[in-house]
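Here's the structure we're looking at; comments come further down.
Laboratory data are not the source of any read-out in this text; all were calculated from the coordinates shown. Bear in mind that the values here come from a model prediction, so they are computed numbers and not experimental data. Reconstructed Cβ throughout: ideal geometry from the backbone, glycine too, with neighbour counts over all protein chains shown.
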């Protein structure tokens, strides 16, 4: 299946209650598939094409505030428009799923794939001290599985979750195993606006605190939650790290290309491994720090001007050199280029 | 002494006991009260979900004893859409001021009305940004002074006041559109009847109901409450005439 369509089908099967979206290349197939499939007949899931990405994320806020599984998807320029809503959703501690099928920027940029929204996804993007849980699929299969995982984490922590995909994964056709249909939620959460119960206080969904003392308490609670997320939810994979003398760090589709470079290097007798973060927040800092005790240098490979490399450097904390190789503007690095960069920047560097 | 026999007025239980933060003489308190009374009279307190805006009524959820969500500035109709789509059996309303509804939230307002979302939009129009200290709003009258139009609104450079209520009445998605006021007892009764009709219509799922309440802002207009009501009658009502703008076809 095509990545975007598989993800849309996964949303239905994950028991989503509502999808609100707005067309943008290269992810329009998500809403097209949902409109074609008309899941209201299959599961009761609502699908609505909003007037803007801003409206779509605020519709997600409304539905999430009712304790429903709500999601939206977009691509980079549209995700920028959603940042206001995401900050409010994080502040009001609502669960939701947002998919960013990244294209190259800045501005309108190009519709070709990129990883240039790493900072926006992982460091903030919207205003205020908040975090998104960020899942980075490398395959169509993972983008399907992360829909279900994303909703699970969103409700576990009452926090927005982002699937940070890219135009390659969204557009490519790959074999995929779809999970069985999950039921829609049948839970009346006490924090959800479902209509006031006679014996209870009314429920208010808000991110507003007029008193600084109260706002600080909210921030402290959020930070405590983020520490829990960091403790429990780090996910990553390693390849060829057992005997590695050098290490690649790469995520998403770029990790697949880098893995090819790793195999080519090993065929030449260069002992290099690959660490692929599956969660970008929380970041696998401890795993990278551990490997830094073993390897002589790390090359971070990204389809941007060097963003995740900053988190790799923080994790390594100066133990070994951390260098960067990347292509951007919609260009995709080849395994040859990556191998050459390893030889020049790390082995010969 | 108040006894059940001589009791002429009782605060509706749909309003909490919190002291309103609104300025003396402001119309928000009355507008809140009649909307809360209507919710109580219809017996839908447990089936109503409100959406508060950003602006003077940002804390509306302190006063309405119903489940509520606080929206980002201008986004209340989108938030209400999200609520109504997943809880179609509930009564959903937004309560918004002119800056929220007719400036930053124009797109959300127009499109929710155009889709005919089965929600009630309560629009308080006092021609000014009250919460931020009296800046020009989209509905500020031509020549009217505000902190960002200190020499009066110059329509040549600042644009004309926006009659968004007439605008949404043009859309097939709206079912009932009316403009009311709450500065005098007769108007309060009419406005309350309009709100009651609007919520009753919501059961029919025939489209968006839109109730504008032209109101005063003594603090922002720099007038006493009495002066502000007089000024409103003499200046606001001629430009924003009261009355029904669109009534349901079967009621015509």
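Some values worked out for this structure:
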quantity	calculated
Using alpha-carbon coordinates, inclination of helix A:28-37 to the longest axis of chain A, degrees	50
Cα convex hull volume per residue for the range A:237-347 (Å³)	85
Relative exposure of A:110, A:72, B:174, judged by other C-beta atoms within 10 Å (fewest first)	A:110, B:174, A:72
Label-point gap, in nm, between residue A:182 and residue B:251 - each point 7 angstrom along Cα→Cβ	4.4
Alpha-carbon centroids, the range A:188-215 and the range A:29-105: separation in whole Å	23
Residue among A:232, A:38, A:304 with the largest mean-square fluctuation in a Gaussian network model of chain A, springs linking Cα atoms under 10 Å	A:232
For chain A, built as a Gaussian network whose Cα springs stay under 10 Å, the top-fluctuating residue of A:224, A:18, A:305	A:224
Point-to-point label distance, residue B:17-residue A:238, nm (Cα→Cβ direction, 7 Å offset)	6.2
Order by protection proxy (mean Cβ within 10 Å, highest first), peptides A:147-159, A:331-343, B:83-95	B:83-95, A:147-159, A:331-343
Gyration tensor verdict on the range B:6-89 (Cα atoms; rounded if a/c is under 1.5, prolate if a/b is larger than b/c, oblate otherwise)	oblate
Helix axis angle, A:140-157 relative to chain A longest principal axis, alpha carbon, degrees	50
Cβ-Cβ FRET estimate between residue A:347 and residue A:317, R0 fixed at 22 Å, reported to 0.05	0.50
B:66, A:229 arranged by Cβ crowding within 10 Å, fewest neighbours leading	A:229, B:66
Where a label projected 7 Å from the Cα of residue B:184 along Cα→Cβ would reach, residues of the range B:212-243 with amide N under 15 Å	B:214-216, B:226-238, B:241-243
Burial ordering of B:182, B:177, fewest other beta-carbon atoms within 10 Å first	B:182, B:177
Solution diffusion estimate, µm²/s, Stokes-Einstein, the protein assembly as shown, Kirkwood Rh from C-alpha pairs, 25 °C, viscosity 0.890 mPa s	94
Expected 222 nm ellipticity per residue - DSSP helices of 4 or more, -39500 (n - 2.57), all of chain A, to 500	-12500 deg cm²/dmol
Theoretical FRET efficiency, 1/(1+(r/R0)^6), r = Cβ-Cβ of residue A:35 and residue B:6, R0 45 Å, to 0.05	0.15
Bridge type composition, the protein assembly as shown - antiparallel percent by DSSP, nearest 5	20
Average beta-carbon neighbours from other chains, 10 Å sphere, peptide B:40-53	3
Residue of B:12, B:178, B:132 that the Gaussian network model of chain B assigns the largest fluctuation, springs spanning Cα pairs under 10 Å	B:132
Between the range A:253-270 and the range A:278-349, the alpha-carbon center distance in angstrom	13
Folded to 0 to 90 degrees: helix A:212-232 orientation relative to chain A principal axis, Cα	50
Cα centroid separation, the range B:210-252 to the range B:24-101 (Å)	20
Residue-averaged [θ]222 nm for chain B, counting only DSSP H segments that reach four residues, each worth -39500 (n - 2.57)	-8500 deg cm²/dmol
Percentage relative contact order, chain A, counting C-alpha pairs under 8 Å, at least six apart	17
Spin-label zone in the range A:240-263 - amide nitrogen under 13 Å from a point set 7 Å from the Cα of residue A:271 along the C-beta vector	A:240-247
The range B:127-227 shape via C-alpha gyration tensor axes, a/c threshold 1.5	oblate
Antiparallel DSSP beta bridges within chain A, percent to nearest 5	20
Where labels lie 7 Å past Cα in the beta-carbon direction, separation of residue A:111 and residue A:263 in nm	3.1
